[in-house]
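Take a look at the structure below.
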Amino acid sequence: MLYRLLALIMLCPPGAFAQSAQVDPLTLRTRDLHQNLLIVADPYLSADRYKGPFGKKSPYEAGIVAIAVYFRNDNDSPIRLNLETIRLVISPPGEEGQRLAALSPEEVADRALLKANANPSIPRRPLSFPGYGSKSGKGKAWDEMAASLGSVVLATDVLPPHATTHGFLFFDMNHQFDAIRHSRVYIPDLSFMTDHRALFFFEIDLSIVPAN
């Protein structure tokens, strides 16, 4: 039996076991670091990666990419982050570039579950029954998905000192996930909360993201 196990290990490709090991996201090369603030971006580019954090119904099926973002603030002061100005800048060679704003959990749920609503000419009124209606009026599945996404989205605009903050950003790629390799996450609006001093903008190049 021992000889068979050794033979199996020899036949496996060198990276087979390393790929299954948990990787520290703060060691990824898709990063930017200055002024004692490290920002790492980890885009989810395969359906399998979505199964853990997102369950059965994931943004991936709707053509939306989830990017896990990590902020490690090694300063003594908290940092204020303007979430509204974060962009995914896509610059395919020979094509016009795009600047995508991040989607809210509600917008992701709309795109994933309410495709009929994309055509405004089709009236859609949810049926209402006492005690059985959803809180949003868009159905139980929508409520559950929006709540699930809301629990993992990057929602805080404060980066505490000497701490790591983590959350997901969602961008509608229209199923063109390969374009992520011609993209960068642009975070322009950060400032120290003690003296309101602005930080230089951050840009995380995703062209070197590993296959996943």
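Here is the figure for region 202-212: residues that are modelled with pLDDT of 95 or more and assigned to a loop (DSSP other than H, G, I, E, B) total 1.
Kindly establish whether K57 is over 14 Å from the mean Cα position of the chain (by Cα), modelled with pLDDT under 90, closer than 22 Å to G167 by Cα and of a type outside the set (V, I, T). Considered against the rule, which asks whether it is over 14 Å from the mean Cα position of the chain (by Cα), modelled with pLDDT under 90, closer than 22 Å to G167 by Cα and of a type outside the set (V, I, T), K57 comes out as yes.
So which strands (runs of 3 or more DSSP E) are wholly in region 159-201 and hold at least 1 residues that are touching a helix residue (DSSP H, G or I) at 6+ places or on another chain (Cβ under 7 Å), charged (D, E, K, R) and within 26 Å of A146 (Cα to Cα)? Strands (runs of 3 or more DSSP E) meeting the threshold: 163-172.
Here the condition is being in contact with a strand residue (DSSP E or B) (Cβ under 7 Å, 6 or more places away or on another chain) and within 16 Å of Q35 (Cα to Cα); of A155, A198, A179, it holds for A198 alone.
Once region 199-211 is narrowed to residues that are surrounded by 13 or more Cβ atoms within 10 Å (Cβ to Cβ) and among the hydrophobic types (A, V, I, L, M, F, W, C), the residue that is farthest from L159 (Cα to Cα) is V209.
Going through (1) at pLDDT 95 or above; (2) buried (at least 16 other Cβ atoms within 10 Å of the Cβ) one by one, A112 falls short only on (1). Apart from one condition, G97 fits all of (1) farther than 30 Å from W142 by Cβ; (2) touching a residue at least 60 places away in the same chain (Cβ under 8 Å); (3) not charged (D, E, K, R); the exception is (2).
The values are calculated or read from the model by the stated rules, or taken from the named source; none is laboratory data. Since this is a predicted model, take the numbers as computed values, not measurements. In this analysis, Cβ positions are derived from the backbone assuming ideal geometry, glycine residues included, and neighbour counts consider all displayed protein chains.
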